[in-house]
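J.: Below you'll find the structure I mean.
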Amino acid sequence: MHRHTSDSAGHLAVDSAKGGTGRIFYGWWMVAAAGGMQFVQSALLLQALGAYIAVLREEFGWSKTALSGAAVIMQMENALLGPIQGWIADRFGPRGMILGAIVVFGAGFILLSRVESLAGFYLAFVVLAVGSALSGYFPLTVALVQWFERKRARALATMQLGFAAGGMAVPAVAWSLLTFGWRETAFASGVLIIVVGLPLASMLRGRPEDHGETVDGERASSGPSAKPAAGAVHGTRDYTTKEALRTSAFWFISLGHGFALLTVSAVNVHAITHMKEGLGYSITAAALVIGIMTFSQFCGILLALAIGDRVEKRLLAAACMFLHMAGLLLLTYAVSFVMVVGFAVVHGVAWGLRGPLMGAIRADYFGRSSIGLIMGLSSMLALVGQVSGPMIAGILADASGNYRAGFTVVAVLSGLGSAFFFFARHPHTSR
């Protein structure tokens, strides 16, 4: 068992990061590793995708709808692989799956660097999607929720600081695309993913009980006096997958998450192209806006870290949906750079605050035993938003010549989706 000790009680971390013996709780080392992996995925692919699409459209002349297919492939594979990877994570733990997926993920970028046709582009993204899905947010979340309960939102928020920090590296990726070329950037990204990702993934572990630890790193005797997380019910039992599926909370959370991803995926795929072609900004300037957005996301995650375990999660998520809507409408109808920056700030804060709550609220409601499969099945419902967002925006942009209609539809749907989170009450309290 790997443990890391501090020189004194306050030398390395605040008390919340320590177990009852004064050691740094190993769960926090897992959080650090997961945050590093999220940084790599975010910087090189998830938030840099828009920059790749803009460059590839300029070189090959492919339509916005055709390029949106890359995002659709990624989101569909994420959703379709969800139940499978959830079952594997519940049964065997996520570590081995993530280690193998890192190699596939890196290979996908190397394959992308050799693309000459739209079919080859899609093939590369199939490989990228498999690798990123099996080593990304979903399995990392499943790994971390096993180690935390009272501090669950804090742990997931800390992990997502890596994702937000990666977004702030998007201007560097855009600079590399323009300076060295997209092929060279993609190849180097693949190598970097394997070299950095494998050591980080090796730090992950299964359940804390299997490694001589307890949830949250607390002494077993402290359990009865511990306060449950906000929105959780003290003593909540673990639900089986069938039991979770029979609750309204499962369906409301899944649909709410899907409507949130409607906006997030549309922005990730099309925002840079909209700023370049619709608003007249350069790719470098557009990438800078994405950097501002992800700095704001970073701030939103810090907010989640501060209040995510103290305020009812479903209400926070519902409020974030309105912020997603307001942000996208600012971008859609921007007539000044101030409005574009307003989009970046509002959308980024909403994304950062809401993101860590998604895995935490499911674990709060349904427990740890079957959380992987429960989250995997939920991801299949969220696929509706993940796929629809980029496609709605892309199809309507090709038809009308701009993104106004598509972005407006996506924004309004995001606002309406707040109702799903509002009514997603805990299964114990909704009976």
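J.: Being closer than 30 Å to Met97 by Cβ and in a helix (DSSP H, G or I): is that true of Leu315 here? Give the steps one after another, and end with the answer.
T.: Working: closer than 30 Å to Met97 by Cβ: no; in a helix (DSSP H, G or I): yes.
In short, no.
J.: Say we look at the stretch 116-155 and pick out the residues that are in contact (Cβ under 8 Å) with a residue 60 or more places away in the chain and not in a helix (DSSP H, G or I); which of these is surrounded by the most Cβ atoms within 10 Å (Cβ to Cβ)?
T.: Ser135
J.: Considering Ile395, Ile374, which residue is touching a Lys or Arg at 6+ places or on another chain (Cβ under 9 Å), in a helix (DSSP H, G or I), surrounded by fewer than 20 Cβ atoms within 10 Å (Cβ to Cβ) and in contact (Cβ under 8 Å) with a residue 60 or more places away in the chain? Don't jump to the end; show me each part of the working.
T.: On the way: Ile374 fails: surrounded by fewer than 20 Cβ atoms within 10 Å (Cβ to Cβ).
So the residue among Ile395, Ile374 that is touching a Lys or Arg at 6+ places or on another chain (Cβ under 9 Å), in a helix (DSSP H, G or I), surrounded by fewer than 20 Cβ atoms within 10 Å (Cβ to Cβ) and in contact (Cβ under 8 Å) with a residue 60 or more places away in the chain is Ile395.
J.: Restrict the check to the stretch 399-406 and report whether at least one residue is surrounded by fewer than 24 Cβ atoms within 10 Å (Cβ to Cβ) and more than 24 Å from Ser63 (Cβ to Cβ).
T.: To start, the set of residues in the stretch 399-406 that are surrounded by fewer than 24 Cβ atoms within 10 Å (Cβ to Cβ) comprises 399-402, 404-405.
Restricting the remaining residues to those that are more than 24 Å from Ser63 (Cβ to Cβ) gives none.
No: zero hits.
J.: Next up: Filter the stretch 348-401 down to the residues that are in contact with a Leu (Cβ under 9 Å, 6 or more places away or on another chain), among the polar types (S, T, N, Q) and more than 20 Å from Val145 (Cα to Cα) and list them by number.
T.: Matches in the stretch 348-401: Gln386, Ser388.
J.: Do we have Leu156 as under 30 Å from Glu312 (Cβ atoms) and at pLDDT 90 or above here? Quick ask: steps written out before the conclusion?
T.: Details: under 30 Å from Glu312 (Cβ atoms): yes; at pLDDT 90 or above: yes.
Taking the combined requirement at face value, the residue satisfies it.
J.: Using the structure shown, decide if Leu331 is in contact (Cβ under 8 Å) with a residue 24 or more places away in the chain, buried (at least 20 other Cβ atoms within 10 Å of the Cβ), hydrophobic (A, V, I, L, M, F, W, C) and in a helix (DSSP H, G or I). Explain how you work it out, then say what you get.
T.: On the way: in contact (Cβ under 8 Å) with a residue 24 or more places away in the chain: yes; buried (at least 20 other Cβ atoms within 10 Å of the Cβ): yes; hydrophobic (A, V, I, L, M, F, W, C): yes; in a helix (DSSP H, G or I): yes.
Taking the combined requirement at face value, the residue satisfies it.
J.: For the stretch 36-58, check the following and say yes or no: at least one residue is in a helix (DSSP H, G or I) and without any contact (Cβ under 8 Å) to a residue 60 or more places away in the chain. Walk me through it before giving the result.
T.: We begin by selecting, within the stretch 36-58, every residue in a helix (DSSP H, G or I); these are 36-46, 49-58.
With the extra rule that they be without any contact (Cβ under 8 Å) to a residue 60 or more places away in the chain, the set shrinks to 58.
Yes, that holds for at least one residue.
J.: Can I ask one more? Please pick out the residue among Ile102, Ile110 that is at pLDDT 80 or above, surrounded by fewer than 23 Cβ atoms within 10 Å (Cβ to Cβ) and of a type in the set (Val, Ile, Thr).
T.: Numbers: Ile102 fails: surrounded by fewer than 23 Cβ atoms within 10 Å (Cβ to Cβ).
Selected residue: Ile110, the only one of Ile102, Ile110 that is at pLDDT 80 or above, surrounded by fewer than 23 Cβ atoms within 10 Å (Cβ to Cβ) and of a type in the set (Val, Ile, Thr).
J.: Among the residues of the stretch 35-44, which ones are within 12 Å of the chain's Cα centre (by Cα) and not hydroxyl-bearing (Ser, Thr, Tyr)? So that I can check it myself, show each step before the final result.
T.: The initial filter retains those residues of the stretch 35-44 that are within 12 Å of the chain's Cα centre (by Cα), namely 35, 37-39, 41-42.
Scanning the stretch 35-44 gives Gly35, Met37, Gln38, Phe39, Gln41.
J.: Among the residues of the stretch 294-311, write down those that are in a loop (DSSP other than H, G, I, E, B) and either closer than 10 Å to Ala350 by Cα or not basic (Lys, Arg) (or both). Break it down into steps so the answer makes sense when it comes.
T.: Initial filter on the stretch 294-311 (in a loop (DSSP other than H, G, I, E, B)): 308-311.
Gly308, Asp309, Val311 - these are the residues of the stretch 294-311 that are in a loop (DSSP other than H, G, I, E, B) and either closer than 10 Å to Ala350 by Cα or not basic (Lys, Arg) (or both).
J.: While we're looking at this one, here's another question. Quick check: is even one residue across the stretch 416-428 of a type in the set (A, V, I, L, M), at pLDDT 85 or above and not in a helix (DSSP H, G or I)? If you could, list the steps in order and put the result at the bottom.
T.: Keep residues of the stretch 416-428 that are of a type in the set (A, V, I, L, M), which gives 416, 419, 424.
Imposing the further condition that a residue be at pLDDT 85 or above reduces the set to 416, 419, 424.
Next cut, not in a helix (DSSP H, G or I) only: 424.
Yes; the residues of the stretch 416-428 include at least one that is of a type in the set (A, V, I, L, M), at pLDDT 85 or above and not in a helix (DSSP H, G or I).
J.: Restricting to the stretch 187-221, and then to whatever is closer than 12 Å to Tyr26 by Cα and of a type in the set (Lys, Arg), can you tell me which residue is surrounded by the fewest Cβ atoms within 10 Å (Cβ to Cβ)?
T.: Only one residue fits best here, namely Arg207.
J.: Which members of the stretch 294-313 meet the condition of being surrounded by fewer than 24 Cβ atoms within 10 Å (Cβ to Cβ) and under 22 Å from Ile361 (Cα atoms)? Quick ask: steps written out before the conclusion?
T.: First, pick out the residues of the stretch 294-313 that are surrounded by fewer than 24 Cβ atoms within 10 Å (Cβ to Cβ): 295, 298-299, 302-303, 305-307, 310-312.
Within the stretch 294-313, Phe298, Cys299, Leu302, Leu303, Leu305, Ala306, Ile307, Arg310, Val311, Glu312 meet the criteria.
J.: Could you run through the stretch 59-78 and say how many residues are part of a helix (DSSP H, G or I) and either small (Gly, Ala, Ser) or free of Cβ contacts under 8 Å to residues at least 40 places away in the same chain (or both)? Show your work before the answer.
T.: Residues of the stretch 59-78 that are part of a helix (DSSP H, G or I), as a first pass: 59-60, 64-78.
With the extra rule that they be either small (Gly, Ala, Ser) or free of Cβ contacts under 8 Å to residues at least 40 places away in the same chain (or both), the set shrinks to 66, 68-71.
Residues in the stretch 59-78 being part of a helix (DSSP H, G or I) and either small (Gly, Ala, Ser) or free of Cβ contacts under 8 Å to residues at least 40 places away in the same chain (or both): 5 in total.
The values are calculated or read from the model by the stated rules, or taken from the named source; none is laboratory data. Predicted model only: the values in this text are computed from it and were never measured. Cβ sites come from the backbone with ideal geometry, for glycine too, and all protein chains shown count toward neighbours.
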